[in-house]
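All remarks here apply to the structure that follows.
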Amino acid sequence: MDTAGSSADERDDPGWLGVEEASPFTGKKVTKAATEAKRWSSVVNTTLVVLIMTMPPLVIFVGERLGAPTVWIKSTVASLGTRDQEESKKDALLGGLLVPGFDEQSCASRYQSVYYRKNMTRLPSPHLIKRLREQEALQRRCGPGTAPYKRATERLRSGQQVLDSNDGCSYLVLISYRGLGNRILATTSAFLYAMLTKRVLLVDPGIGNTLPDLFCEPFPGTTWVLPHDFPLENFRDLSEAAPENYGNVVVNRSSSVSGLRFIYAHLDHDSSQASRLVYCDDHRQFLHRVQWMILRTDQYMSPGFFFNPAYQKELDLMFPRKDSVFYLISRYLLHPTNNVWGMVTRFYNSYLKDADERLGIQIRVFDDNPVQHVLDQILACTSQEHLLPAVVSTPGAAPPLPTARARSKAVLITCLSSWYHDSIREMYWKSASAVGEVVSVHQPSHEGKQQWHHGGHDMKALAEIYLLSLTDKIVTSGLSTFGYVAHALGGLTPYITFKILDEKVPNPPCTKAMSMEPCAFTVQHFDCTKKDYKHDLPPRTPNMRTCEDVFWGVKLTDTE
């Protein structure tokens with residue numbers, strides 16, 4: 001086909017290209033080569049336009065010369081490659097929060113999680129990064145399997161008191177108990193306390209040894225798991241009445257540690273006023289002299305450390321944004337094992353990945369039977385906050401015509417019961433959304449009842465916590481530590497539902513939280529400078545507020 005208007009024989013003749021002719025538009029003489037080039041450019045450009053019409057939208061730059069389409073093709077291919085490069089260049093180390101060098105195959109979540117999350121909500125401060133590297137060095141130098149640890153455990157076994165150890169190695173042992181949400185809050189708090197007091201953190205693996213099934217080792221070259229041969233027998237049975245309890249030492253012994261092999265801090269949810277005085281100890285008075293400290297807590301303790309003047313400067317340097325404490329510590333410390341991470345990624349890729357928006361709804365009820373007013377509250381909250389679309393209420397209404405790209409919303413529900421999920425899913429199955437949005441509803445598991453320290457149950461719970469943290473917006477139940485962990489891990493500011501009284505849906509049914517930090521139920525409510533108990537927050541706590549769902553609890557906020 002002679003597209004350019006000349007014969008094939010002419011185009012094959014090199015002399016033909018130099019023949020001059022008058023341009024039909026300007027009257028100026030130009031060579032046939034130039035004319036032919038422009039004609040071919042027009043043909044190529046037209047072909048490209050047709051091609052583009054069948055492709056996704058792309059930015060095109062086409063010039064008058066024949067070479068312009070080639071340049072465009074090269075730049076388009078390059079831009080497509082850039083997307084993959086940008087994905088591959090995502091900061092897997094989270095701004096220095098993590099360190100390279102771990103075996104990626106043994107713990108895939110450590111460096112993979114960044115590809116499932118949005119950009120970091122809060123970046124780590126240089127001082128926090130510095131203190132994390134120092135803590136890692138301390139854990140390696142003094143942790144299990146080292147000579148200092150062997151000496152320290154031998155002294156504990158023999159009953160020998162050690163004050164002001166020459167090793168420079170002191171230890172904080174966290175007793176693991178209660179539900180998974182409580183244990184995670186306790187672990188992150190204990191780690192922060194270990195950094196503030198320069199102690200090695202060792203975590204009790206718990207009844208059933210479930211810790212290694214849930215989380216990878218956080219520290220390079222060492223372990224954070226308390227060895228099974230820890231010489232202090234029955235340490236899990238320590239109670240507030242123990243003579244080694246900090247409150248008893250302060251009240252009965254005038255802070256004398258003479259004759260004590262260890263100090264015990266009882267900060268359970270029902271701890272006494274005297275026990276909570278440990279929040280005010282500056283660790284220079286006498287605690288630093290005791291090599292072993294045993295901690296029992298089922299709570300989020302971190303806000304309590306901000307009341308202590310001895311720690312405020314260090315905390316300000318580590319966390320310029322006060323609402324980032326749990327978020328940064330959990331992203332550093334808690335990496336699900338491959339078994340748990342596989343559950344997370346398989347579910348996410350199957351049901352959540354391709355949605356335009358992901359909404360998490362965490363429902364915690366303490367009744368074994370489904371409760372209608374809890375469902376009513378959830379629907380009222382999601383309607384009030386425009387989180388879920390209304391449905392068409394006209395019976396027999398014709399479904400809307402399908403659009404080329406209807407907006408999709410994936411709803412992830414976590415609950416011990418499947419009834420709430422089934423009810424919401426049926427609502428969007430029976431009726432179309434009023435705005436044409438496609439709503440899909442998913443629930444990974446429904447265990448029926450909570451089980452403590454059960455490996456399979458805890459693994460499912462942890463997978464669901466991480467899945468909730470990967471959503472774009474989240475609704476959580478008030479007073480639920482499971483919900484606290486889920487939204488704080490994701491850097492999400494949740495909508496919190498209020499406790500229902502007399503089976504009536506509260507008005508309003510929920511509220512937007514002031515902070516992404518978890519609520520602390522049992523920190524002290526007194527001024528550490530006076531140690532005078534009172535029910536109001538002590539002075540000079542601008543970043544502390546009363547929790548939305550617990551009037552006796554406090555949470556960290558950010559003034560910005």
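With both residues required to sit in segment 126-323, DSSP beta bridges show an antiparallel share near 5%.
Normalised by residue number, the volume inside the convex hull of the Cα atoms of segment 354-556 is 147 Å³ per residue. Of the solvent-accessible surface of segment 270-313, computed with a 1.4 Å probe and all protein chains present, 44% belongs to carbon and sulfur. Looking at segment 354-556 only, what percent of DSSP beta bridges run antiparallel? Nearest 5 please. Rounded to the nearest five, the antiparallel share is 40 percent. Our compactness index for segment 126-323, the C-alpha radius of gyration over the empirical 2.2 N^0.38 Å, is 0.97. Residues in segment 317-334 carry Karplus couplings, in order, of 6, 6, 10, x, 9, 5, 8, 9, 4, 5, 4, 6, 5, 5, 5, 7, 8, 10 Hz; the curve used is 6.51 cos²θ - 1.76 cosθ + 1.60 with θ = phi - 60°, and Gly or Pro positions show x. Taken over segment 349-488, lysine pairs spaced eight or more positions apart, or on distinct chains, with alpha carbons under 17 Å apart number 5. The charge dipole of segment 176-290, taken about its Cα centre with unit charges on the Cβ atoms of Lys, Arg (+1), Asp and Glu (-1) only, comes to about 380 debye. Peptides 333-340, 187-194 ranked from most to least packed give 187-194, 333-340, packing being the mean of other C-beta atoms within 10 angstrom over each peptide's residues. For segment 225-366, the solvent-accessible area of protein heavy atoms averages 38 Å² per residue (probe radius 1.4 Å; ligands and nucleic acids excluded). For segment 144-187, the equivalent ellipsoid derived from the alpha-carbon gyration tensor has semi-axes of 28, 11, 10 Å in decreasing order. Peptides 268-278, 299-309, 413-423, ordered by how many other C-beta atoms sit within 10 Å of their residues on average, highest first, read 299-309, 413-423, 268-278. Applied to segment 422-432, the Karplus parametrisation 6.51 cos²θ - 1.76 cosθ + 1.60 on θ = phi - 60° returns per-residue 3J(HN,Hα) values of 4, 5, 6, 4, 5, 4, 7, 7, 6, 9, 7 Hz, with x for Gly and Pro.
Based on Cα contacts under 8 Å between residues 6+ apart, segment 126-323 shows a relative contact order of 28 percent.
A Cβ-based charge dipole, computed about the Cα centre of segment 126-323 with Lys and Arg at +1 and Asp and Glu at -1, lands at about 520 debye. Using the Karplus relation 6.51 cos²θ - 1.76 cosθ + 1.60 with θ = phi - 60°, the per-residue 3J(HN,Hα) values for segment 91-99 come to 6, 5, 8, 6, x, x, 4, 9, 10 Hz, with x marking Gly and Pro.
In terms of the mean number of neighbouring beta-carbon atoms within 10 Å, the peptides 468-478, 167-177 order highest first as 468-478, 167-177. Kirkwood analysis of segment 173-263, using all unique Cα-Cα pairs, places the hydrodynamic radius at 14.8 Å. Segment 488-512 and segment 209-250 have Cα centres spaced 34 Å apart.
Amide H contacts of LEU416 (H built 1.01 Å from N, in plane; Pro and chain starts excluded): VAL365 sit under 5 Å, all sequence-distant by 5 or more or on other chains.
Accessible surface of segment 106-211, 1.4 Å probe: 51 percent of it comes from carbon and sulfur atoms. With all protein chains present, how much of the accessible area of segment 320-369 (probe radius 1.4 Å) comes from carbon and sulfur, to the nearest whole percent? With neighbouring chains kept in place, the figure for segment 320-369 is 40 percent. Estimated at 0.36 nm per residue, the fully extended path between TYR115 and ASP316 surpasses their Cα-Cα distance by 69.4 nm.
The values are calculated or read from the model by the stated rules, or taken from the named source; none is laboratory data. In this text the structure is predicted, and so the values were computed from the model without any measurement. Using ideal geometry, Cβ is built from the backbone for each residue, glycine included, and neighbour counts are taken over all protein chains shown. The accessibility values were calculated without ligands, DNA or RNA, using every heavy atom of the protein model including side chains. Shrake-Rupley method; radii C 1.70, N 1.55, O 1.52, S 1.80 Å.
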